[in-house]
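Since every read-out is calculated from the coordinates, none of them should be taken as a lab result. Since the structure is predicted, the reported quantities are computational estimates derived from the model, not experimental observations. All Cβ positions, glycine included, derive from the backbone under ideal geometry; neighbour counts span all protein chains shown.
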Amino acid sequence: MIRLPASLERKLAEQFPLIRERERFAAEAVEHAFETTSPDQKEQPVAIGGTLHLFTDGGSRGNPGQAAIGCIIEDPLRGTVLKEYAEVIGVATNNVAEYRALIKGLDLASLYHPNRLICYLDSELIVKQLNGEYRVRMPSLQVFVEEIRAITETLPDVVFTFVPREDNYRADALVNKALDAHPSPSYKKPQRRAR
């Protein structure tokens, strides 16, 4: 059976309390996806193996504010970039954007079937949370940690490493490029009424 991220499992359980109903829904969704996707539309995973590097960054303009994520997957032996990805994710905090960038990066990196994946993040807090040095105190962030753990269980070896922002400039540039391309609408602070 296919293993789904924890957040999807919870949503399915809410919609379909019986396991049999969830399995039927999932099977129908997969069948429908195969029927509606032509062979030339499918992104074929490339079996790479070996060690890959994943650089991720997330940021928001305002905290919370308009947010975006950026991911870069590279083959360190060849010195080549295999995949770049950026996306605006709506209004979020910096920490949520950082977690969502890592989740997207892990999903993309898993297509390459690495034997070892070294993830570079410029958020020391998130690296320490994922490495068990800090507790995740906010329940809203715990959901992301569970999803990351579910993804990493499908990969042989995943390492989370902190890098200074200047060493993560390419992922940071993707975030800023995405935010520049989709600026948030101007926000006016509500005026207080006189009492």
Net lengthening on full extension, residue 31/residue 107 (0.36 nm per residue, minus Cα-Cα): 25.2 nm
Linear extension gain, residue 80 paired with residue 166, 0.36 nm per residue minus alpha-carbon span: 29.0 nm
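Can you work out D for region 51-181 in µm² s⁻¹ from Stokes-Einstein, where Rh is the Kirkwood radius over C-alpha pairs, the temperature is 20 °C and the viscosity is 1.002 mPa s? Walk me through the numbers on the way to the answer.
Working: Rh = 14.5 Å.
Diffusion coefficient, whole number: 148 µm²/s.
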³J(HN,Hα) computed for each position of region 123-129 - Karplus, 6.51 cos²θ - 1.76 cosθ + 1.60, integer Hz, glycine/proline x: 9, 4, 4, 5, 4, 5, 5
From phi via Karplus (6.51, -1.76, 1.60), per-residue ³J(HN,Hα) for region 11-18 in Hz, x at Gly/Pro: 5, 5, 5, 5, 6, 10, x, 8
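Within region 93-146, list the GluC sites (Glu not before Pro) lying in a DSSP loop whose Cβ has at most 15 other Cβ atoms in a 10 Å radius. Mind dumping the intermediate values first?
Numbers: sites: 98, 124, 133, 146; in loops: 133.
Of the GluC sites (Glu not before Pro), the ones in loops of region 93-146 whose Cβ has at most 15 other Cβ atoms within 10 Å are 133.
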Region 51-181: relative contact order as a whole-number percent, Cα under 8 Å and 6+ apart: 32 percent
Shape call, region 81-132: gyration tensor on alpha carbons, a/c limit 1.5: oblate
In sequence order, calculated HN-Hα J values of region 151-168 (Karplus, 6.51, -1.76, 1.60; Hz; x Gly/Pro): 5, 5, 5, 8, 10, x, 8, 10, 10, 10, 10, 7, 10, x, 3, 5, 8, 10
